[in-house]
Amino acid sequence: MKERIGCLAWVVGVAQFFVVHGIVESAWARPAYSWARNNISDLGNVHCGLRTWPESRYICSPEHGLMNGSFIALGVLLVVGFVLTGGADGFGGVGGIGGGVPWLGGRVAALARMLLISGGVGFVLIGLAPTDVHKGLHVVGAALIMGTGNAGLVLAGFGLADRVPRPLRRAPGLLGVVALLAFGLFLSGHYLGLGMGGMERVAAYPLLFWVAALGLWGVVLRAGRTRAAVAEVRAGGDRVGPGSAGG
């Protein structure tokens with residue numbers, strides 16, 4: 001059950017983040033919020049005013065409290081998910097009806113999970129420390145998400161058991177490399193036509209997309225295995241009916 005809860009935590013965490021993002025974005029004061037021009041965390045800035053770092057833009061987010069709460073919830077749920085799915089072979093053994101994500105034993109899987117957990121901690125930090133309140137701590141949080149978190153994404157494919165579908169084992173390596181490159185371009189101010197906010201999203205969102213997909217797979221697999229187990233039990237009960245025992 002704990003592995004299923006962990007997978008649900010991922011799905012709920014990512015889903016609530018994008019829902020809240022849309023709500024807070026819609027409440028943004030003029031000029032309109034732009035995915036290309038604005039940072040993600042601009043939505044969490046407490047004060048209205050002109051910002052010059054890393055690029056000049058006017059920020060005013062009336063629902064900043066809601067956004068910062070969403071950042072914190074996302075980070076906590078990501079960490080919860082990696083902790084609860086953390087056992088090697090999260091299915092509870094061959095032939096079990098457990099769910100969740102089977103991590104291989106060994107240092108690579110452990111390191112991948114530790115780095116991914118640090119990404120979740122990063123989301124908590126940026127929610128607790130908006131840029132215009134505590135810039136230094138906010139930058140640390142962003143570095144954990146787009147730096148160590150993406151490094152964990154690269155390693156994740158090497159830490160998952162073969163029973164995880166191949167696309168979900170191959171995708172994190174590619175996504176992690178792309179996200180790390182985007183993080184480097186973002187830091188250097190090279191946005192390749194995507195804008196500051198666009199490049200930041202290329203660096204930050206792959207982790208969320210992969211975690212949500214992995215969580216959905218874990219939840220669906222658990223549900224399927226549970227139904228199969230119940231059907232098997234019922235079938236066994238039918239075979240051992242009133243007329244099957246000696247009298």
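The values are calculated or read from the model by the stated rules, or taken from the named source; none is laboratory data. Since we're looking at a predicted model, the values are computed, not measured. Don't worry about glycine lacking a Cβ; one is built from the backbone with ideal geometry, like all the others, and counts go over all protein chains shown. Side chains are part of the model used for accessible areas, which takes the heavy atoms of the whole protein and leaves out ligands, DNA and RNA. Shrake-Rupley method; radii C 1.70, N 1.55, O 1.52, S 1.80 Å.
Brief remarks on what is shown
- Looking only at residues of the stretch 1-27 that are of a type outside the set (A, V, I, L, M), open to solvent by less than 40 Å² (accessible area, probe 1.4 Å) and at pLDDT 95 or above, we find that the one that is nearest to residue 216 (Cα to Cα) is 10.
- Segments classed as helices (runs of 4 or more DSSP H), wholly inside the stretch 99-196, with at least 3 members that are free of Cβ contacts under 8 Å to residues at least 40 places away in the same chain and within 24 Å of residue 4 (Cα to Cα): 107-128, 166-188
- In the stretch 60-86, the qualifying residues are those that are at pLDDT below 95 and not in a helix (DSSP H, G or I), and the one that is most open to solvent (accessible area, probe 1.4 Å) is 86.
- Hey, residue 55 at pLDDT below 95, open to solvent by 30 Å² or more (accessible area, probe 1.4 Å), in contact with a helix residue (DSSP H, G or I) (Cβ under 8 Å, 6 or more places away or on another chain) and among the acidic types (Asp, Glu) or not: yes
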